[in-house]
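First comes the structure, then the notes that go with it.
The values are calculated or read from the model by the stated rules, or taken from the named source; none is laboratory data. Everything quoted here is computed from the prediction, not taken from an experiment. Every residue, glycine among them, receives a Cβ derived from its backbone with ideal geometry; neighbour counts consider all protein chains shown. The protein model used for the area step is the full one, side chains on, heavy atoms only, and it has no ligands, DNA or RNA in it. Shrake-Rupley method; radii C 1.70, N 1.55, O 1.52, S 1.80 Å.
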Amino acid sequence: MKLNEKPTALIMIFGATGDLAKRKLFPSLYRLYKKGKLSERFAVIGIARRPLSNDEFQANVKNSVESAIKDSGELEDFVSHFYYHSHDVTDASSYLALKSMAEELDTHYSLEGNRIFYLAMAPEFFGTIAEHLKADGLTDVDGFKRLVIEKPFGHDLESAKQLNKQIRKAFSENEIYRIDHYLGKEMVQNIEVIRFANAIFEPLWNNRYISNIQVTSSEVLGVEERGRYYEKSGALRDMVQNHMLQMVALLAMEPPIRLTTDEIRSEKVKVLRAMRPLEGERVKEYFVRGQYGKGSMSGKQVPAYREEQMVDEQSNTETYVAGKLMIDNFRWAGVPIYIRTGKRMAAKSTKIVIQFKDIPMNLYYQTEQTLNPNLLVIHIQPEEGITLYLNAQKSGQNMEATPVKLNFANKGIDGMNTPEAYERLLYDCMRGDATNFTHWDEVALSWSFVDKISDVWENTKEEGFPNYESGTMGPKEADQLLEKDGFFWWPVTDLDVEEC
Ligand code: NAP
């Protein structure tokens with residue numbers, strides 16, 4: 001597709017009355033429409049079981065856009081492209097009606113037979129839907145057909161393989177768009193730009209100059225009403241297998257020979273293949289799990305994980321993971337990449353800290369001054385930007401060094417101009433750009449790494465749970481993980497130093 005060409009497609013959203021469609025998909029489509037990135041030649045069929053007329057569905061779409069976006073003009077035109085089909089995805093007989101509706105809309109909007117099937121539903125339905133789409137001819141189209149699939153992609157390697165086998169009967173690998181919404185975030189995409197468009201970083205991006213890397217994704221929220229799902233998942237499967245390992249792959253990959261989907265993915269796969277596998281006793285040495293107890297957050301008492309709805313009172317599920325990853329290749333040998341993620345932590349923050357090694361001879365030690373190591377911080381959310389921590393001369397003080405920071409805050413001109421992750425990803429999918437979606441090889445390698453950790457954890461009850469108080473940054477064992485190597489977690493808040 002040419003750069004300025006506007007995509008044309010029929011988008012079928014399975015699970016169109018659900019939370020994801022309401023909070024993310026409809027507002028994202030609207031933003032694309034408002035920015036003129038969608039042509040008038042698009043239509044959406046919302047699919048779910050509850051009976052709704054087209055008018056009722058359009059009113060729901062309108063509400064969801066209005067509650068997400070302040071400045072929502074042109075809504076009537078936008079929602080006129082939305083249609084509803086009440087349909088139980090397990091009922092084989094109703095796919096034919098969906099097919100004729102799709103064909104009518106295809107003709108009406110001249111959609112050239114382009115179809116996107118977005119599965120915004122519980123994963124147990126993914127395989128069934130894909131099989132029916134093929135069996136009932138919904139995938140027999142003249143244009144493109146693409147399947148967008150939400151996380152989790154399986155529960156472990158085995159279930160992921162089965163799911164992949166099912167969906168591959170109807171779609172080829174390059175027609176499958178596995179969403180990892182972290183890959184749609186502005187600053188995650190910026191990792192490549194920071195690394196490969198700046199002469200000052202790439203020469204230093206290796207074990208000669210970097211001492212360690214820290215990737216944190218902390219949440220203040222607890223498990224909320226997702227207890228049933230979370231009990232089976234835990235932080236390892238929910239966050240590490242996908243988002244955390246994807247960020248690590250982008251940080252550690254070799255420069256691709258071209259910025260194309262295949263080349264980037266192939267470099268990411270090499271990182272995942274080079275990750276030191278952990279088994280048995282090694283798991284304990286490299287990974288720490290945690291579960292939140294009760295505590296006080298913003299002056300309010302919050303319950304322990306085990307007291308949450310749909311959670312077992314004796315639950316062994318982890319709500320926190322910290323780990324040390326070693327990438328055993330020439331570039332990274334000896335450099336630990338620490339990751340941590342958890343719920344009910346002190347701050348909501350996704351951040352990457354790259355800590356550079358100290359200079360070989362620090363002249364300032366002679367004057368008993370301690371210098372900070374140089375840090376490059378990539379702020380992913382809620383703030384977006386980059387901070388570089390340096391040491392500079394204190395103003396007016398001869399030869400006295402002090403830590404300072406250079407800050408770049410990534411601010412859109414207004415909320416509307418900063419694309420949301422889902423907006424980018426939907427647009428990429430419509431244009432056929434799969435770079436920011438996960439390839440099966442990445443999914444499989446991530447699961448095989450994570451499965452070995454969960455095997456050990458599932459077979460050993462953690463006696464100390466809960467082991468961190470709500471409103472803290474996790475269990476003390478996570479601090480000890482770094483202390484053993486002579487490091488510590490950099491705070492997720494900015495360091496209190498002067499800004500240049
Ligand atoms: P949800 O709120 O529970 O919505 C589920 C949707 O599926 C509803 O529209 C429901 O409508 C429909 N549905 C259920 N059974 C059906 C059936 N047999 N036939 C047809 N439709 C059926 O779920 P969600 O939070 O939107 O999540 C959807 C997917 O996105 C999940 O895979 C989830 O893991 C993933 N995800 C969600 C979020 C998020 O922010 N919500 C974030 C990341 C990933 P009816 O009851 O009317 O049938």
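Okay, here's what the table says:
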item: Label-zone membership for segment 116-154, site Asp19, 7 angstrom Cα→C-beta point, backbone N under 16 Å; result: 120-124, 150-152
item: Global geometry of segment 163-277, whether rounded, prolate or oblate, following the gyration tensor of its Cα atoms and the 1.5 cut on a/c; result: oblate
item: Where labels lie 7 Å past Cα in the beta-carbon direction, separation of Tyr229 and Glu383 in nm; result: 3.0
item: Evaluated over segment 24-72, the Cα radius of gyration and Dmax, each in Å; result: 11.5, 32
item: Rounded to 10°, Cα long-axis angle of helix 421-431 versus longest principal axis of the chain; result: 50
item: The chain - share of DSSP beta bridges that are antiparallel (%, nearest 5); result: 55
item: Added length on full extension, which subtracts the Cα-Cα distance from 0.36 nm per residue, Asp88 to Glu498; result: 141.7 nm
item: Overall form of segment 401-500 per C-alpha gyration tensor (a/c, 1.5; a/b vs b/c); result: oblate
item: Cβ-Cβ FRET estimate between Ala392 and Phe488, R0 fixed at 22 Å, reported to 0.05; result: 0.40
item: Note, ³J(HN,Hα) from phi for segment 164-181, Karplus 6.51, -1.76, 1.60, rounded to Hz, x at Gly and Pro; result: 4, 4, 5, 6, 5, 5, 10, 9, 7, 4, 6, 9, 9, 10, 8, 6, 10, 5
item: Helix axis angle, 126-135 relative to the chain longest principal axis, alpha carbon, degrees; result: 40
item: Accessible surface of the chain [probe 1.4 Å, protein heavy atoms]: carbon and sulfur percent; result: 49
item: Between 0 and 90°, nearest 10: helix 54-68 axis offset from the chain longest Cα axis; result: 20
item: Where trypsin sites (Lys or Arg not before Pro) fall in DSSP loop in segment 1-72, at most 10 other Cβ within 10 Å; result: Lys2, Lys70
item: Label-to-label distance, nm, for residues given as Asn207 and Glu477 (7 Å Cα→Cβ offset); result: 2.8
item: Karplus 3J(HN,Hα) series, Hz, for segment 275-287 with 6.51 cos²θ - 1.76 cosθ + 1.60 (x for Gly, Pro); result: 5, 4, x, 10, 9, x, 4, 4, 4, 4, 6, 9, 10
item: Cα-projected label distance for Thr260 with Glu158, points at 7 Å along beta-carbon direction, nm; result: 3.9
item: Mean accessible surface per residue for segment 76-130, computed with a 1.4 Å probe while every protein chain stays in place, in Å²; result: 40
item: Separation between Cα centres of segment 210-258 and segment 119-165, rounded to whole Å; result: 23
item: Diffusion constant of the chain at 20 °C, which comes from Stokes-Einstein with the Kirkwood Cα-pair radius and 1.002 mPa s, µm²/s; result: 87
item: Percent breakdown of C-alpha pair distances by 5 Å bin, ordered from the shortest bin, for segment 1-139; result: 2, 10, 20, 23, 21, 14, 7, 2, 0
